[in-house]
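Below is one structure; the comments refer to it alone.
The values are calculated or read from the model by the stated rules, or taken from the named source; none is laboratory data. Everything numeric here is computed off the predicted structure, so don't read it as measured data. Backbone-built Cβ (ideal geometry, glycine too); neighbour counts: all protein chains shown. Ligands, DNA and RNA are stripped out before the accessible areas are found, and what is left, the full protein with its side chains, is counted by its heavy atoms. Shrake-Rupley method; radii C 1.70, N 1.55, O 1.52, S 1.80 Å.
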Amino acid sequence: MGKLGNLGARLHHGEVGYDFVKNRKLWYGISILITITAIVGLAVRGLHMGIEFQGGAVFTTPKNMSASVSQAETYAEEASGHDAIVQKLGDGSLRIQISGTDTEASDQIKEELSKDLDVPAEKINADLVGPSWGDQIANKAWQGLGIFMVLVVIYLAIAFEWRMALAAFVALVHDITITVGIYALVGFEVTPGTVIGLLTILGYSLYDTVVVFDSLKEQTKDITKQTRWTYGEIANRSINSTLVRSVNTTVVALLPVGGLLFIGGGVLGAGMLNDISLSLFVGLAAGAYSSIFIATPLVADLKEAEPQMKALKKRVLAKRAQAAAKGEPAENAFDDERYADDEADEADDAAAAVVGPRNQPASRTRGRGRPSGKRR
């Protein structure tokens with residue numbers, strides 16, 4: 001943990017780093033490939049909608065049933081002619097879920113199950129779920145998603161700028177598409193818990209993105225008044241300075257969700273946990289990825305298309321070419337002093353000129369003996 005903390009401090013201060021923005025075309029390509037795969041999976045396999053959305057019947061048997069889950073599933077499919085989902089509850093009872101059945105079919109299925117399971121029909125509880133309830137849930141979910149997206153774009157456009165709002169919107173759509181596509185490919189059932197999980201990951205993904213955007217906004221203040229770094233280079237430092245924080249937050253969030261998915265749903269067989277845990281697990285991972293590899297590089301692309309940023313980039317490159325021609329060492333892209341405020345430097349120079357040369361060394365040695373970063 002000490003080494004990781006030291007790495008985080010060095011990343012935050014700009015002493016080391018990885019050029020995420022420079023390799024943005026690679027990240028875009030990977031994201032496009034994953035997104036296309038998710039869309040194809042969704043188009044070919046479709047979503048396995050739960051009984052809450054399709055309608056159907058849920059049968060609950062008495063406690064301490066001797067029949068296994070596989071046996072009960074076979075009996076239910078033979079009696080109904082539809083796919084059945086069977087779960088063994090903690091008290092030993094069986095929950096048998098069959099989609100696409102009405103009241104008349106439900107009574108017949110109940111009689112067949114009582115014979116196959118050797119249980120009196122009156123002890124099997126049958127509950128019918130109409131598809132209209134699922135339609136209401138789906139409509140409310142779409143409404144909530146739409147309102148959330150609109151509010152996010154408005155907030156980010158006011159708090160930051162429209163380019164950051166657009167990049168965050170793209171990242172959120174990216175996360176939703178991948179998560180839904182994974183559901184289609186894996187074949188997990190989509191339930192109201194899945195919808196709750198999807199809405200939850202949107203908030204998490206947005207939080208991670210805003211953390212990077214806030215750092216970027218702070219570091220690009222008065223960016224056109226300096227000639228050391230381009231917007232893309234400063235955006236890259238913003239990613240690196242928050243990288244360890246994003247990774248730590250994501251890992252801490254994924255551990256309990258992974259426990260629900262792999263241990264609860266996989267090992268213990270609590271299938272009811274799969275619907276929400278898969279959406280959370282995939283969404284959290286996709287949200288962290290999009291914050292680092294999609295949202296901020298996309299902002300850098302949009303900003304560097306501006307005339308001011310294009311002119312700044314030309315000045316920066318011209319200055320570096322001039323320094324290289326003179327044989328001066330190139331500035332370290334991750335130097336801790338690489339983004340000092342030029343106005344503060346000029347104010348220090350002016351104060352030193354007024355006070356006199358005797359006090360010049362004191363102003364020159366500020367910052368633990370390192371140079372002030374004054375432009376050459």
Can you name every residue in the range 25-55 that is outside any loop (DSSP other than H, G, I, E, B), touching a Pro at 6+ places or on another chain (Cβ under 7 Å) and either on the phi > 0 side of the Ramachandran plot or at pLDDT 90 or above (or both)?
27
What tally of residues in the range 178-206 results from selecting those that are under 15 Å from residue 274 (Cα atoms), within 16 Å of the chain's Cα centre (by Cα), open to solvent by 30 Å² or more (accessible area, probe 1.4 Å) and not hydrophobic (A, V, I, L, M, F, W, C)?
0
Counting only residues that are assigned to a loop (DSSP other than H, G, I, E, B) and open to solvent by 80 Å² or more (accessible area, probe 1.4 Å), which one in the range 83-128 is farthest from residue 187 (Cα to Cα)?
118
Could you give me the residue pairs with C-beta distances under 8 Å whose first residue belongs to the range 112-141 and is on the phi > 0 side of the Ramachandran plot, whose second residue is buried (at least 16 other Cβ atoms within 10 Å of the Cβ) and assigned to a helix (DSSP H, G or I) wherever it lies, and which are 6+ apart or on separate chains?
none
Selection status of residue 230, under 15 Å from the mean Cα position of the chain (by Cα), at pLDDT 85 or above and open to solvent by less than 20 Å² (accessible area, probe 1.4 Å):
no
Just to be sure I understand, how many residues within the range 210-227 are assigned to a helix (DSSP H, G or I) and either open to solvent by less than 60 Å² (accessible area, probe 1.4 Å) or over 22 Å from residue 159 (Cα atoms) (or both)?
9
Single residue of 145, 185, 151, 166 found to be farther than 22 Å from residue 249 by Cα, out of contact with any helix residue (DSSP H, G or I) (no Cβ under 9 Å at 6 or more places or on another chain), among the hydrophobic types (A, V, I, L, M, F, W, C) and in a helix (DSSP H, G or I):
151
Could you tell me whether any residue of the range 56-79 is among the aliphatic types (A, V, I, L, M), surrounded by 13 or more Cβ atoms within 10 Å (Cβ to Cβ) and either free of Cβ contacts under 8 Å to residues at least 12 places away in the same chain or within 25 Å of residue 195 (Cα to Cα) (or both)?
yes
Checking residue 290 against (1) at pLDDT 90 or above; (2) crowded, with 23+ Cβ neighbours inside 10 Å; (3) under 22 Å from residue 221 (Cα atoms), the condition it does not meet
(3)
For the structure I just gave you, tell me whether residue 305 is open to solvent by 50 Å² or more (accessible area, probe 1.4 Å) and small (Gly, Ala, Ser).
yes
